[in-house]
Each structure stands twice: as structure tokens, then as C-alpha cells.
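The values are calculated or read from the model by the stated rules, or taken from the named source; none is laboratory data. Worth saying up front: this structure is predicted, and the values here are computed from it rather than measured. Every residue, glycine among them, receives a Cβ derived from its backbone with ideal geometry; neighbour counts consider all protein chains shown.
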Amino acid sequence: MSDPIIALVMLGLFIVFIFLGFPIAFTLMAMGIMFGAYAYHTPGQALFDNNIFYLFTQNTFSVMNNDVLISIPLFLFMGYIIERANILDRLFESLQVSLRHVPGSMAVAALITCALFATATGIVGAVVTLMGLLALPSMLKAGYDQKLATGVIAAGGTLGILIPPSIMLIVYAATAGVSVVKLSAAAMVPGILLAGLYLVYVVTRVVINPSLAPKPKDVDDVGFLKAVQLLVTAFLPLAALIAVRYRIPQRREYGINEVKPQSDHSGQQE
Amino acid sequence: MIKFIRTVDYLSETIGKTFGWTVLVLTASTCYEVFRRYVMNDPTDWAFDMSYMLYGALFLMSGAYTLSKGGHVRGDFMYRKWQPRTQAKVDFVLYLLFFFPGVLALVFSGFFYGADAMRIQEVSVNSPVGVPVWPLKMIIFVAGITLVLQGLAELCRCILCIQNNEWLDRGDDVVELETALQQQFGKSEEGHKA
């Protein structure tokens, strides 16, 4: 068999075994070793002298001391703390109370909560599920259109991977050997733009057809000062986190430059 | 057999949770380094090595724990519709065919890789303080051993499931707040396990 054919066979087998439902990590590992052993095989060589085993440990170690991927456990840890602290709940409540005069106030509050939360967590699933539990029941109870309410949450949740910092951007940067900071900077404007467009869309639709999102009746009519106080107390922890997050990528960049000056341009040495 | 599975599960869980604490140390040391670097303008010479070592140890040593909780990502859109017995048969074959060759390679080549580093007492090249790097290389071998043990336990699980057509439970795990909320709101939808 020629080399391209072997590569195609490997790809095909890989897809087949993924579809069989075996954990992807181990499928990849075994495929790499088996096909690598075949590729590096030289006649008359013992199996364990094969180069692939050396490459395998080398690569494992290079992932272990990858200085970009460090941020993922830290990131998850932060998301976990935010989740346990129940900040999302308070944020949604306070936004909803302060935005009650805006058309479609609850949908707008849900979108803003999603966008703000996207700056703190980097994944899609968590925000969608949490908002689905917190915001969806109250929206449906207030008589919101079901399609609008669910759409707002699903769309808002996906902002998580676009608005930096996002785990997807980190993994991509580590794989492709590009700067995390530059990627994040590039994703910033599209993310905010998208969030803004979602807001415009929701408000416009509600203005055209107010029956989509009737005004909730049972919202407490709090004073202006009280609303400000609610907002501040709900925002502060998140604002502090966002501020910290935007320091860390910069720090990491300097760190790499100080330790290995060539790193910024040559990327990961893998 | 069940006793063996429980013992290995317990071992993996202990190791995983122990190494889970490294994320706290990692956070603390990174914060300390940021403070030293930007406030006192006097960066430490060990924080960079420490951060990637803690991360590397965390990521490799939690593999067995993840396996014991069934947390590795599967492309399971067909898999989840099968009978437990079929799932167990497929898993059993694929564990033998795929899991063990890969993990055993990790154990053996990781052992020689780590042993070489240990013999020369290898230190990190990133700073002049000479942070020893061979324990990190040795972790590849140790993680391989834990994965082999857990893999044997998973094989036993498969055998039990082929006999009973029912998966042995995987014990309690940390519940995400969303699941806790679902229980609180009395909703019994499918769990949102990724």
C-alpha cells in the first residue's frame, strides 16, 4: 500500500471506531501507535525498538509541559467557583428588574446575562442549561412566545465560545501555534457585535409584535437606587473576574517571551 | 470481581481527588508570581516550572479517575441506543484491541523515558535554579499503571454487564449545580452529561 492509501485507511478506521462509541482519547492513542509502528518499521528490528514508542512519550511530555494549555484547568476551576457561587441567578434577577421598561425585558436580560457570562466561562453547555432552568420558566410564565424564549437562550449560550476568553480559542492557539492574545483580540469585536445584533433583533421583534413578549406583571416595582444597588452587588464579583481574566493572557505572553524569546513567532515546538 | 472493581475505583478516585488539589496550588502559585512580577517587580525563578509541572501532573493523573466515572468523551450517538449487553461486548473487544496496546506502550516507554531522566537527575532548562524535571517524566509511567489497573476494572465491568445485561453503577460523583438545580426543581429530564 502506498502512503496516502494508508493515511486514508487510518482516517476511515478512526471514524468507524469513533462511531462505535469507544472513548476518543484511547481510539486516537491506539491508532497512532499501531499505524506509527507500521510506518516506522524497518525490517529486522525488534518491535520495542520502534521509533514510535519514543515519539509517543515525547509527545505526551510535550503536552504535559505545554504552557498555553495550563489555562484550561484554571479556567474550569474558575467556572466551577462561579457556578457554586450562583452569580448567574443574581445577575439575571437584577438585570430583569432594572430593564423592566425595555420591550421584551426578560429576553434582553437573558441575552445580556449570557454575554456577560461568556466573558467568564469559555464553554457553551453550562450557560445554556443554567439559563434554561432560571430564565426559561419565568419567561414562559410571563407569556413569552416559546420559540422566542428558547431561541434567545440557545443563541445567547453560544456566545460563550466566541467572546474571549474561551476554551476553544486556547485549544486552537495551542494546536496551531498562534498567539492566544491575538486570537482573543480578534474574537472580541465579532462576539460583542453578535451579542448586540441579538439584542437589536429581539427588541425589534418585540416592538413590531408586542404579543411575543408581554410585560411581566409580578415584577417588584423597585426604586432606581435599589435597582442600582442590586446591579452593583451582582456585577462586582463578575467584574473582578473579568478584570483578572484580561490580565492573565498578557502575563502569559510576557512569561513566554522572557523564558523562551523565540516562542511568540515560532509558536509551539511540537 | 465486584470487590476488585470497587477497590480499583476507590484507588483511582483517591488519586484523582488528591491530584485535583494541584489546581488550587497552581492558582495560588500563579497569583503569587503575578504579585511578585507586577507589584514587587521581582519575579520568582520557579513559578513557570511549577505551573506547567502541576498542570502536567493533574492532566495525566486524572485519566484513571475519569475512566472510572465513565467520563471520557465518546461519540456515542449509536452506542447509547444499544442494549447494555451489546455495549459491553463492543467495549470489551475494543478495550482489548485499543486500550491496552496504547496504555501498555505508555507504561513501558514511559518507564524507560522516566528512568533515563532519573538516572541523570534531569533538571529543568527554563531557569538556573535547577527545578528537577525527572519526577514529572516519571509521572507518565505512574499514570500508565493507574490506567492499566482501571482498564482491568473496566474489563471486569464489561464481563459483569454481559452476564447481567446491566452496567454496574459507578458510585457517586460530584454533581454539577445544574443537576442539583434540576433535582431541586423536580425535573427528571435526561442528565446533561457531556
Against the definition (in contact (Cβ under 8 Å) with a residue 60 or more places away in the chain, in a helix (DSSP H, G or I), of a type in the set (Val, Ile, Thr) and surrounded by fewer than 21 Cβ atoms within 10 Å (Cβ to Cβ)), how does A:ILE161 come out, yes or no? no
Of the candidates A:ALA39, A:ALA7, the one satisfying the condition of being more than 9 Å from chain B (Cβ to nearest Cβ), touching a helix residue (DSSP H, G or I) at 6+ places or on another chain (Cβ under 8 Å) and not charged (D, E, K, R) is A:ALA39
Conditions (1) touching a residue at least 24 places away in the same chain (Cβ under 8 Å); (2) surrounded by 14 or more Cβ atoms within 10 Å (Cβ to Cβ); (3) not basic (Lys, Arg) -> A:ALA176 fails only (2)
The lone condition B:VAL39 fails out of (1) touching a helix residue (DSSP H, G or I) at 6+ places or on another chain (Cβ under 9 Å); (2) surrounded by fewer than 16 Cβ atoms within 10 Å (Cβ to Cβ) is (1)
Here the residues within region B:113-139 that are at the interface with another protein chain (Cβ under 8 Å from one of its Cβ atoms) and assigned to a helix (DSSP H, G or I) are B:TYR113, B:LEU136, B:LYS137, B:ILE139
Scanning region A:123-138 for residues that are out of contact with any Asp or Glu (no Cβ under 9 Å at 6 or more places or on another chain) and part of a helix (DSSP H, G or I), the one surrounded by the fewest Cβ atoms within 10 Å (Cβ to Cβ) turns out to be A:PRO137
Those helices (runs of 4 or more DSSP H) completely within region A:1-97 that have 3 or more residues that are over 20 Å from the mean Cα position of the chain (by Cα) are A:3-19, A:24-40, A:51-64
Restricted to region B:94-104 and to residues being facing chain A (nearest Cβ under 7 Å) and surrounded by 17 or more Cβ atoms within 10 Å (Cβ to Cβ), the residue nearest to A:MET10 (Cα to Cα) is B:PHE98
(1) over 19 Å from the mean Cα position of the chain (by Cα); (2) surrounded by fewer than 17 Cβ atoms within 10 Å (Cβ to Cβ); (3) assigned to a helix (DSSP H, G or I) all hold for B:PHE108 apart from (1)
Picking from B:VAL123, B:VAL73, B:VAL129, the residue that is touching an Asp or Glu at 6+ places or on another chain (Cβ under 7 Å), surrounded by fewer than 17 Cβ atoms within 10 Å (Cβ to Cβ) and of a type outside the set (Ser, Thr, Tyr) would be B:VAL129
Contact list, first residue from region A:61-81 and more than 8 Å from every other protein chain (Cβ to nearest Cβ) and under 21 Å from B:ASP116 (Cβ atoms), second anywhere and modelled with pLDDT under 80 and not in a loop (DSSP other than H, G, I, E, B), beta-carbon distance below 9 Å, six or more apart or interchain, is none
